[in-house]
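Enquirer: Sharing a structure with you now.
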Amino acid sequence: MKQWDTVAIVGVGLIGGSIGLALRDRGLARNVVGIGRRAGSLRTAKRMGAVTATTLDLAKGAAHAELVVVCTPVGRIVDDVLAAASAAQADCLITDAGSTKAEIIAALDGHLNGQAHFVGSHPLAGSEKNGPGAAVADLFVGRTVVITPTKSTRPADLAGLADFWTSLGANVVSMPAATHDRILAGASHLPHLAASALAAATLEADLPWVASGWLDTTRVAAGDAELWRQIFESNRSHVLKALARYEKTLGALRRALERGDGKKLTEILLEAKRKRDAVGS
(Lines give C-alpha, C1' and ligand atoms only; values in the text may rest on other atoms or scores of the structure.)
Protein backbone atom coordinates (compact mmCIF):
# COMPACT_ATOMS: atom_id res chain seq x y z
CA MET A 1 0.00 0.00 0.00
CA LYS A 2 1.61 3.22 -1.21
CA GLN A 3 2.26 6.08 1.20
CA TRP A 4 1.83 9.40 -0.62
CA ASP A 5 3.84 12.46 0.27
CA THR A 6 1.36 14.94 -1.21
CA VAL A 7 -2.16 14.39 -2.55
CA ALA A 8 -4.09 17.34 -3.97
CA ILE A 9 -7.89 17.27 -4.02
CA VAL A 10 -9.64 19.66 -6.39
CA GLY A 11 -13.13 20.25 -5.00
CA VAL A 12 -13.31 19.31 -1.31
CA GLY A 13 -17.03 18.54 -1.03
CA LEU A 14 -18.67 15.26 -0.04
CA ILE A 15 -16.44 13.05 -2.21
CA GLY A 16 -13.26 15.11 -2.03
CA GLY A 17 -13.64 15.70 1.68
CA SER A 18 -14.23 12.01 2.31
CA ILE A 19 -11.09 11.15 0.32
CA GLY A 20 -9.10 13.59 2.45
CA LEU A 21 -10.53 12.23 5.71
CA ALA A 22 -9.82 8.65 4.64
CA LEU A 23 -6.24 9.47 3.63
CA ARG A 24 -5.53 11.19 6.92
CA ASP A 25 -7.41 8.68 9.07
CA ARG A 26 -5.41 5.83 7.53
CA GLY A 27 -2.08 7.67 7.51
CA LEU A 28 -1.76 7.33 3.74
CA ALA A 29 -0.58 10.86 2.91
CA ARG A 30 1.73 13.28 4.71
CA ASN A 31 0.18 16.31 3.00
CA VAL A 32 -3.38 16.65 1.68
CA VAL A 33 -3.92 19.91 -0.20
CA GLY A 34 -7.50 21.09 -0.66
CA ILE A 35 -8.12 23.20 -3.77
CA GLY A 36 -11.38 25.04 -4.27
CA ARG A 37 -13.23 28.16 -5.33
CA ARG A 38 -14.77 29.12 -2.00
CA ALA A 39 -12.59 30.01 0.96
CA GLY A 40 -15.40 29.17 3.37
CA SER A 41 -15.68 25.56 2.18
CA LEU A 42 -11.92 25.15 2.32
CA ARG A 43 -11.86 26.43 5.89
CA THR A 44 -14.54 23.90 6.80
CA ALA A 45 -12.54 21.08 5.19
CA LYS A 46 -9.41 22.06 7.08
CA ARG A 47 -11.26 22.45 10.37
CA MET A 48 -12.69 18.93 9.93
CA GLY A 49 -9.23 17.54 9.30
CA ALA A 50 -9.90 16.54 5.69
CA VAL A 51 -6.90 18.54 4.43
CA THR A 52 -3.65 19.87 5.84
CA ALA A 53 -3.45 22.93 3.60
CA THR A 54 -5.78 24.85 1.30
CA THR A 55 -5.55 27.15 -1.69
CA LEU A 56 -7.79 28.87 -4.22
CA ASP A 57 -5.01 28.56 -6.82
CA LEU A 58 -5.29 25.24 -8.65
CA ALA A 59 -1.85 25.45 -10.24
CA LYS A 60 -0.20 26.20 -6.90
CA GLY A 61 -2.06 23.39 -5.15
CA ALA A 62 -1.21 20.77 -7.77
CA ALA A 63 2.42 21.80 -8.28
CA HIS A 64 4.00 19.40 -5.79
CA ALA A 65 1.42 16.60 -5.73
CA GLU A 66 2.16 13.01 -6.64
CA LEU A 67 -1.57 12.41 -7.02
CA VAL A 68 -4.34 14.85 -7.96
CA VAL A 69 -7.98 13.84 -7.52
CA VAL A 70 -10.46 16.11 -9.32
CA CYS A 71 -13.83 16.02 -7.55
CA THR A 72 -15.55 18.95 -9.25
CA PRO A 73 -18.86 18.76 -11.18
CA VAL A 74 -18.78 16.88 -14.49
CA GLY A 75 -18.90 20.07 -16.54
CA ARG A 76 -15.67 21.36 -14.98
CA ILE A 77 -13.59 18.19 -14.80
CA VAL A 78 -11.85 18.48 -18.18
CA ASP A 79 -10.70 22.06 -17.56
CA ASP A 80 -9.59 21.25 -14.02
CA VAL A 81 -7.60 18.19 -15.12
CA LEU A 82 -5.88 20.16 -17.88
CA ALA A 83 -5.00 22.95 -15.46
CA ALA A 84 -3.62 20.48 -12.93
CA ALA A 85 -1.62 18.65 -15.60
CA SER A 86 -0.02 21.88 -16.78
CA ALA A 87 1.20 22.66 -13.27
CA ALA A 88 1.99 19.15 -12.03
CA GLN A 89 5.38 17.58 -11.50
CA ALA A 90 6.74 14.82 -13.74
CA ASP A 91 4.81 11.53 -13.56
CA CYS A 92 2.04 12.99 -11.42
CA LEU A 93 -1.04 10.75 -11.57
CA ILE A 94 -4.36 12.56 -12.05
CA THR A 95 -7.80 11.03 -11.68
CA ASP A 96 -11.34 12.28 -11.24
CA ALA A 97 -14.56 11.22 -9.52
CA GLY A 98 -17.02 12.06 -12.28
CA SER A 99 -20.29 10.18 -12.69
CA THR A 100 -19.82 10.04 -16.47
CA LYS A 101 -16.64 9.00 -18.20
CA ALA A 102 -16.71 8.75 -22.03
CA GLU A 103 -17.04 12.47 -22.76
CA ILE A 104 -14.36 13.35 -20.21
CA ILE A 105 -11.88 10.76 -21.42
CA ALA A 106 -12.42 11.65 -25.08
CA ALA A 107 -11.41 15.23 -24.26
CA LEU A 108 -8.39 14.24 -22.16
CA ASP A 109 -6.82 11.08 -23.55
CA GLY A 110 -3.61 12.11 -25.27
CA HIS A 111 -4.25 15.82 -24.72
CA LEU A 112 -2.55 16.53 -21.39
CA ASN A 113 0.18 19.15 -21.28
CA GLY A 114 3.36 18.34 -19.38
CA GLN A 115 4.31 14.91 -18.03
CA ALA A 116 1.26 14.11 -15.89
CA HIS A 117 -0.93 11.08 -16.61
CA PHE A 118 -4.72 10.80 -16.35
CA VAL A 119 -6.86 7.74 -15.61
CA GLY A 120 -10.59 8.16 -15.02
CA SER A 121 -12.37 6.99 -11.87
CA HIS A 122 -15.91 6.91 -10.53
CA PRO A 123 -16.55 5.97 -6.90
CA LEU A 124 -20.09 4.58 -6.60
CA ALA A 125 -20.61 6.25 -3.26
CA GLY A 126 -22.19 9.38 -1.93
CA SER A 127 -25.58 10.77 -1.01
CA GLU A 128 -27.97 13.60 -1.78
CA LYS A 129 -25.96 15.76 0.65
CA ASN A 130 -23.07 17.92 -0.48
CA GLY A 131 -20.26 20.05 0.90
CA PRO A 132 -17.34 19.14 3.14
CA GLY A 133 -19.60 19.00 6.19
CA ALA A 134 -21.17 15.82 4.79
CA ALA A 135 -17.82 14.05 4.33
CA VAL A 136 -17.03 10.85 6.25
CA ALA A 137 -13.79 8.85 6.45
CA ASP A 138 -15.42 5.49 5.70
CA LEU A 139 -17.49 6.56 2.69
CA PHE A 140 -15.63 4.21 0.31
CA VAL A 141 -15.38 1.16 2.56
CA GLY A 142 -16.96 -1.80 0.77
CA ARG A 143 -18.12 0.41 -2.12
CA THR A 144 -17.24 -0.06 -5.79
CA VAL A 145 -14.93 2.30 -7.65
CA VAL A 146 -14.88 1.99 -11.44
CA ILE A 147 -11.61 2.80 -13.20
CA THR A 148 -11.75 3.49 -16.94
CA PRO A 149 -8.33 3.05 -18.58
CA THR A 150 -7.70 3.54 -22.30
CA LYS A 151 -5.27 1.96 -24.74
CA SER A 152 -2.72 4.64 -23.83
CA THR A 153 -2.93 4.06 -20.06
CA ARG A 154 0.36 2.91 -18.56
CA PRO A 155 0.10 -0.32 -16.52
CA ALA A 156 1.92 1.38 -13.63
CA ASP A 157 -0.67 4.17 -13.53
CA LEU A 158 -3.55 1.71 -13.60
CA ALA A 159 -1.99 -0.31 -10.78
CA GLY A 160 -1.22 2.81 -8.77
CA LEU A 161 -4.75 4.15 -9.06
CA ALA A 162 -6.27 0.79 -8.15
CA ASP A 163 -4.01 0.66 -5.10
CA PHE A 164 -5.10 4.17 -4.11
CA TRP A 165 -8.81 3.35 -4.10
CA THR A 166 -8.24 -0.04 -2.49
CA SER A 167 -6.31 1.66 0.31
CA LEU A 168 -9.44 3.71 1.06
CA GLY A 169 -11.42 0.48 1.49
CA ALA A 170 -13.05 0.34 -1.94
CA ASN A 171 -13.50 -2.57 -4.34
CA VAL A 172 -12.00 -1.63 -7.71
CA VAL A 173 -13.43 -2.66 -11.09
CA SER A 174 -11.94 -1.71 -14.46
CA MET A 175 -14.02 -1.24 -17.61
CA PRO A 176 -14.17 0.89 -20.80
CA ALA A 177 -15.68 4.34 -20.39
CA ALA A 178 -18.54 3.63 -22.80
CA THR A 179 -19.50 0.51 -20.86
CA HIS A 180 -19.46 2.48 -17.61
CA ASP A 181 -21.74 5.18 -19.05
CA ARG A 182 -24.23 2.65 -20.43
CA ILE A 183 -24.47 0.79 -17.12
CA LEU A 184 -24.67 3.90 -14.95
CA ALA A 185 -27.40 5.41 -17.11
CA GLY A 186 -29.73 2.66 -15.92
CA ALA A 187 -28.28 1.99 -12.48
CA SER A 188 -27.78 5.58 -11.29
CA HIS A 189 -28.88 8.31 -13.67
CA LEU A 190 -32.35 6.96 -14.50
CA PRO A 191 -33.21 6.48 -10.79
CA HIS A 192 -32.43 10.15 -10.19
CA LEU A 193 -34.61 11.17 -13.13
CA ALA A 194 -37.44 8.96 -11.87
CA ALA A 195 -37.16 10.27 -8.30
CA SER A 196 -37.12 13.85 -9.55
CA ALA A 197 -40.14 13.27 -11.80
CA LEU A 198 -42.09 11.74 -8.93
CA ALA A 199 -41.25 14.60 -6.57
CA ALA A 200 -42.05 17.23 -9.21
CA ALA A 201 -45.39 15.55 -10.09
CA THR A 202 -46.59 15.49 -6.48
CA LEU A 203 -49.22 18.11 -5.78
CA GLU A 204 -48.08 20.84 -3.40
CA ALA A 205 -51.22 20.33 -1.34
CA ASP A 206 -50.36 16.66 -0.85
CA LEU A 207 -46.85 17.22 0.56
CA PRO A 208 -47.96 17.34 4.22
CA TRP A 209 -49.27 13.79 3.80
CA VAL A 210 -46.22 12.08 2.32
CA ALA A 211 -44.78 9.20 4.34
CA SER A 212 -41.86 6.78 4.17
CA GLY A 213 -42.67 5.43 0.70
CA TRP A 214 -42.53 8.85 -0.93
CA LEU A 215 -39.56 9.93 1.17
CA ASP A 216 -37.54 6.78 0.38
CA THR A 217 -38.37 6.89 -3.33
CA THR A 218 -37.56 10.58 -3.77
CA ARG A 219 -34.51 10.84 -1.48
CA VAL A 220 -32.00 11.40 -4.28
CA ALA A 221 -34.16 14.14 -5.80
CA ALA A 222 -32.81 16.37 -3.02
CA GLY A 223 -29.38 16.31 -4.72
CA ASP A 224 -27.72 19.29 -6.36
CA ALA A 225 -29.83 20.17 -9.42
CA GLU A 226 -27.01 21.80 -11.40
CA LEU A 227 -24.66 18.89 -10.80
CA TRP A 228 -27.29 16.42 -12.04
CA ARG A 229 -28.14 18.53 -15.07
CA GLN A 230 -24.51 18.25 -16.13
CA ILE A 231 -24.52 14.48 -15.58
CA PHE A 232 -27.67 13.99 -17.67
CA GLU A 233 -26.36 16.11 -20.52
CA SER A 234 -22.92 14.49 -20.46
CA ASN A 235 -24.48 11.01 -20.72
CA ARG A 236 -27.47 12.04 -22.83
CA SER A 237 -27.59 9.17 -25.34
CA HIS A 238 -27.43 6.40 -22.74
CA VAL A 239 -29.85 8.18 -20.38
CA LEU A 240 -32.36 8.55 -23.21
CA LYS A 241 -32.20 4.81 -23.94
CA ALA A 242 -32.67 3.99 -20.26
CA LEU A 243 -35.54 6.46 -20.09
CA ALA A 244 -37.19 4.81 -23.11
CA ARG A 245 -37.14 1.44 -21.30
CA TYR A 246 -38.65 3.06 -18.23
CA GLU A 247 -41.36 4.77 -20.27
CA LYS A 248 -42.20 1.46 -21.94
CA THR A 249 -42.70 -0.16 -18.53
CA LEU A 250 -44.77 2.79 -17.29
CA GLY A 251 -46.89 2.46 -20.41
CA ALA A 252 -47.47 -1.22 -19.71
CA LEU A 253 -48.52 -0.40 -16.16
CA ARG A 254 -50.92 2.29 -17.39
CA ARG A 255 -52.52 -0.03 -19.96
CA ALA A 256 -52.92 -2.78 -17.36
CA LEU A 257 -54.69 -0.35 -15.02
CA GLU A 258 -56.88 1.09 -17.78
CA ARG A 259 -57.98 -2.37 -18.88
CA GLY A 260 -58.37 -3.76 -15.40
CA ASP A 261 -55.78 -6.39 -16.33
CA GLY A 262 -54.81 -7.62 -12.88
CA LYS A 263 -52.76 -10.47 -14.30
CA LYS A 264 -50.48 -8.15 -16.26
CA LEU A 265 -50.24 -5.74 -13.36
CA THR A 266 -49.20 -8.55 -11.03
CA GLU A 267 -46.68 -9.81 -13.60
CA ILE A 268 -44.90 -6.44 -13.73
CA LEU A 269 -44.99 -6.01 -9.95
CA LEU A 270 -43.54 -9.49 -9.43
CA GLU A 271 -40.75 -8.82 -11.95
CA ALA A 272 -39.94 -5.61 -10.09
CA LYS A 273 -39.90 -7.44 -6.76
CA ARG A 274 -37.65 -10.18 -8.17
CA LYS A 275 -35.03 -7.69 -9.30
CA ARG A 276 -35.20 -5.64 -6.11
CA ASP A 277 -34.92 -8.75 -3.91
CA ALA A 278 -31.93 -9.93 -5.96
CA VAL A 279 -29.98 -6.83 -4.99
CA GLY A 280 -30.73 -6.97 -1.25
CA SER A 281 -30.47 -4.07 1.14
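The values are calculated or read from the model by the stated rules, or taken from the named source; none is laboratory data. On a predicted model such as this, the values are computed, not experimentally measured, just so you know. Reconstructed Cβ throughout: ideal geometry from the backbone, glycine too, with neighbour counts over all protein chains shown. To get the accessible areas, we keep the full protein, side chains included, count just its heavy atoms, and leave off ligands, DNA and RNA. Shrake-Rupley method; radii C 1.70, N 1.55, O 1.52, S 1.80 Å.
Enquirer: Name the residue from 64, 120, 94 whose Cα lies farthest towards the positive end of the charge dipole of segment 39-120, charges +1 on Cβ of Lys and Arg and -1 on Cβ of Asp and Glu.
Expert: 64
Enquirer: What percent do you get for the relative contact order of segment 6-135 when only Cα pairs under 8 Å and 6+ apart count?
Expert: Rounded, it is 28 percent for segment 6-135.
Enquirer: On C-alpha positions alone, give me the angle between the axis of helix 225-234 and the longest principal axis of the chain, in degrees, nearest 10.
Expert: 90
Enquirer: What list of ³J(HN,Hα) couplings, whole Hz, do you get for segment 142-151 from phi and the Karplus terms 6.51, -1.76, 1.60, once you set θ to phi - 60° and write x for glycine and proline?
Expert: Taking θ as phi minus 60°, the curve returns x, 9, 8, 10, 8, 10, 10, x, 10, 5 Hz for segment 142-151.
Enquirer: If you average the sequence gap of Cα pairs under 8 Å that are 6 or more apart and divide by the length of the chain, what percent do you get for the contact order?
Expert: 16
Enquirer: Related question: Given the chain, what percent of its DSSP beta bridges are antiparallel, to the nearest 5?
Expert: 15
Enquirer: Check each of the trypsin sites (Lys or Arg not before Pro) in segment 72-162 and keep only those in coil by DSSP with at most 14 other C-beta atoms within 10 angstrom; list them in order.
Expert: Hits after loop and neighbour filter: 129, 151.
Enquirer: Name the lysines eligible as straight-distance cross-link partners of residue 248: C-alpha to C-alpha under 22 Å, and not fewer than 8 places from it in the same chain.
Expert: Residue 248 reaches 263, 264, 273, 275.
Enquirer: Just check segment 43-91 against the gyration tensor rule for me: Cα atoms, a ≥ b ≥ c as the square roots of the eigenvalues, rounded for a/c under 1.5, and otherwise prolate or oblate depending on whether a/b exceeds b/c.
Expert: Oblate.
Enquirer: So what is the accessible area of segment 1-157 per residue, in Å², with the probe set to 1.4 Å?
Expert: Per residue, segment 1-157 has 42 Å² of solvent-accessible surface.
Enquirer: Further question on the same structure: First compute the accessible area of the chain with a 1.4 Å probe, then give the percent of it belonging to carbon and sulfur atoms.
Expert: Summing carbon and sulfur atoms, their accessible area is 55 percent of the total for the chain.
Enquirer: Over segment 169-260, what relative contact order in percent results from Cα pairs under 8 Å that are six or more residues apart?
Expert: 41
Enquirer: Going by average Cβ density within 10 Å per residue, which order do the peptides 118-124, 34-40, 152-158 take, highest to lowest?
Expert: 118-124, 34-40, 152-158
Enquirer: From the square roots a ≥ b ≥ c of the eigenvalues of the alpha-carbon gyration tensor of segment 1-72, which class results: rounded (a/c under 1.5), prolate (a/b over b/c), or oblate?
Expert: oblate
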